[in-house]
Amino acid sequence: MRVPLIAGNWKMYKTAAEAGDFIRQLKTVLTAQLRVEVAVCPPFTALHAAALELAGSRIALGAQNMHWEEEGAYTGEVSPRMLKEAGCRYVILGHSERRQYFHETDQEINKKLKAALKWGLTPIVCVGEKLAEREAGNTIAVVNAQLEGSLAGLAAEELTRLVIAYEPVWAIGTGRTAQPEDAQQVNAFIRSVLTTRGGAAAAGAIRILYGGSVKPDNIASLMAQPDVDGALVGGASLRPDVFAAIVKGGCPGEGNG
Ligand code: PEP
C-alpha cells in the first residue's frame, strides 16, 4: 500500500524567518491525521529554522539538491551528511531547473542518488520531457533515458527507497498541467521500467508523483489516477492556505481541521 506524498518545492523562495512563519501557519490548518504524507523543501538556509518548527509534527523536511560527496573542497555545495544532520528526510534530485540552468546530467544524478540512499535520505528523482520533445512524440524515450541513466546500478531494495516525480518541463511554472490521463500514461510507463529493473513487488512499492502546475482544483483528478501517488508542487506550495488546500484535495473525504 503506497502512502501518497505531497511535497512542496519552494525553489529559491523564503528566508529562514519566512519559512518559520509558513510552517506555523501550515500546522494550524493541517491538524487532522492525513492519509497522505506531506513534506516541504525549503532552500538550504531555511532548513534549520524549518526543522525547528516541524519538530513533533507529521510534516517532513526535504532539501532541493545536494552534492554526492560526504565532504570536500566543493565550494558552494552541501553534502548528504549535512542534510541528514539538518533533519531532512527527503532530497529532490535532478529537478529540471537543475538540469537546465546547472547542466546536471543523469550520471551526476545517479551519483547523488546513491549518496542520498547511503545517508538514509529519500531521493525524489525528477524526470520529464521538454515541450519540443513531447511535440516530437519522444516523451517516453526521454523519460526512459533519464531513468536508465539516473537509476543505473541500483538494486531492487534500493529502488524501493526512492520516490520518482514525473514533471513535464512544459508544465512547470507555466500554468499548463498535463491531463490526468497523460500523467497516468507516463507514470504507468515509469512503473513498468521499475518493474523490469526491480520486479513487481519493488515497483509496486515506489511512489511516483506528478509535478507541473498542480493546484487545489486539479490535484484530485491527478491523484485519482492509479499510478499517480502524489505531487511535487512548486509555485502553489508557497502559500500555506493554498498548499494546505492541495493536501486536502489529495485526500478527499477526510475531515481536516
Ligand atoms: C516544480 O518546480 O517542481 C514544479 C512542479 O513547479 P510548479 O508547481 O510551479 O509548476
Over the stretch 78-107, the set of residues without any contact (Cβ under 8 Å) to a residue 40 or more places away in the chain and surrounded by fewer than 15 Cβ atoms within 10 Å (Cβ to Cβ) is GLU85, TYR101, PHE102, HIS103
Note on the stretch 72-91: residues in contact with a helix residue (DSSP H, G or I) (Cβ under 9 Å, 6 or more places away or on another chain) and on the phi > 0 side of the Ramachandran plot are GLY87
Condition check: modelled with pLDDT under 95, over 22 Å from GLN107 (Cβ atoms) and either over 16 Å from the mean Cα position of the chain (by Cα) or more than 16 Å from the ligand (Cβ to nearest atom) (or both). Does ARG176 satisfy that?
yes
Kindly establish whether GLY120 is at positive phi and within 16 Å of the ligand (Cβ to nearest atom). no
When the stretch 1-13 is checked residue by residue, the ones that are in contact (Cβ under 8 Å) with a residue 60 or more places away in the chain and surrounded by fewer than 16 Cβ atoms within 10 Å (Cβ to Cβ) are ARG2, VAL3
Among the residues of the stretch 24-61, the number that are touching a helix residue (DSSP H, G or I) at 6+ places or on another chain (Cβ under 6 Å), buried (at least 19 other Cβ atoms within 10 Å of the Cβ) and modelled with pLDDT under 95 is 1
Any residue in the stretch 14-23 that is within 16 Å of the ligand (Cβ to nearest atom) and open to solvent by 10 Å² or more (accessible area, probe 1.4 Å)? yes
| Out of curiosity, is GLY212 touching a Lys or Arg at 6+ places or on another chain (Cβ under 9 Å), closer than 22 Å to PRO42 by Cα and open to solvent by 40 Å² or more (accessible area, probe 1.4 Å)? | no
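If you go through the stretch 219-239, how many residues are more than 10 Å from the ligand (Cβ to nearest atom) and open to solvent by 20 Å² or more (accessible area, probe 1.4 Å)?
8
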Exercise for the section: Confirm whether ALA205 is touching a residue at least 60 places away in the same chain (Cβ under 8 Å), within 19 Å of THR122 (Cβ to Cβ), away from the ligand (no atom under 16 Å from the Cβ) and open to solvent by 40 Å² or more (accessible area, probe 1.4 Å). Expected result: yes
So, first residue on the phi > 0 side of the Ramachandran plot in the stretch 126-146, second residue of a type in the set (Asp, Glu) and within 16 Å of the ligand (Cβ to nearest atom), Cβ within less than 7 Å, six or more apart or across chains; the pairs are GLY128/GLU167
THR122 passes all but one of the listed conditions (1) under 27 Å from THR174 (Cβ atoms); (2) surrounded by 14 or more Cβ atoms within 10 Å (Cβ to Cβ); the exception is number (1)
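The values are calculated or read from the model by the stated rules, or taken from the named source; none is laboratory data. Because the structure is a prediction, the values reported are computed rather than measured. Note that each Cβ is placed from the backbone with ideal geometry, even for glycine, and that neighbours are counted across all protein chains shown. For accessibility, only protein heavy atoms count, side chains too; no ligands or nucleic acids. Shrake-Rupley method; radii C 1.70, N 1.55, O 1.52, S 1.80 Å.
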